[in-house]
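As structure tokens, the structure follows; a few thoughts come after it.
Derivation of every value follows stated rules applied to the coordinates shown; laboratory data play no part. Treat the numbers as computed from the prediction; the structure is a model and nothing was measured. Don't worry about glycine lacking a Cβ; one is built from the backbone with ideal geometry, like all the others, and counts go over all protein chains shown.
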Amino acid sequence: MIGALLDGIPESFVIGLVLLQHEALPIAIVAAVFLSNVPESLSAATGLRAAGHSPRYIISLWSGVMLASALAAAAGNGFLGGASEELFAGVEAFAAGAILTMLADTMMPEAFDGGGNAVGLVTVVGFATAFLLGA
């Protein structure tokens, strides 16, 4: 859950920054955020449930993550209106690193344990799809 929070805050901050640069969110960003967060949240919720936490507790935790992410998006949009391109690039690089860390540390090992060798191919296809959506 903490990993999702540490991943979600910079990711949401970047969403707020992107809205400063574009009138609407590019489809690649929406797809990337959705595709990375859904399995991450399902995995964490399943683990929390297996550890004996109630659905109410799990929903409360995810609501807190959602609120923190929304506040981070608002902060990214509200506080950095006149920020330099270098600052934008730095924040985006930090968010990308947070996403990669979460994927490499948590999601990919768990996916490999449950899905076997096909996980590598599916990961490459997902990356290529995200890349093509952003092109």
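Residue order for E85, E11, E110, E40, fewest other beta carbons within 10 angstrom first, comes to E85, E110, E40, E11. In summary, the helical segments of the chain meeting the span-like criteria, namely a full DSSP H run, a Cα extent along the axis of 27 angstrom or more and a mean Kyte-Doolittle hydropathy of at least 0.5, are 2-21, 27-50, 55-79. Using just the helices of the chain, give the 222 nm mean residue ellipticity in deg cm²/dmol: DSSP H runs with n ≥ 4 each add -39,500 (n - 2.57), and the total is spread over all residues, rounded to 500. Mean residue ellipticity, 222 nm, calculated: -28500 deg cm²/dmol. Going by neighbour counts of Cβ atoms within 10 Å, the residues H22, H53 line up, fewest first, as H22, H53. Between A50 and L6, the contour length at 0.36 nm per residue exceeds the alpha carbon distance by 13.6 nm. With R₀ fixed at 25 Å, the C-beta to C-beta distance from F34 to V124 puts the FRET efficiency at about 0.85. Shape verdict for segment 3-135, please, from the Cα gyration tensor: rounded (a/c under 1.5), prolate (a/b greater than b/c) or oblate. The shape class here is oblate. Would you work out which of A44, F34, A83 lies farthest towards the positive end of the dipole of segment 2-134, given +1 charges on the beta-carbon of Lys and Arg and -1 on that of Asp and Glu, about the Cα centre? The Cα lying farthest towards the positive end belongs to A44.
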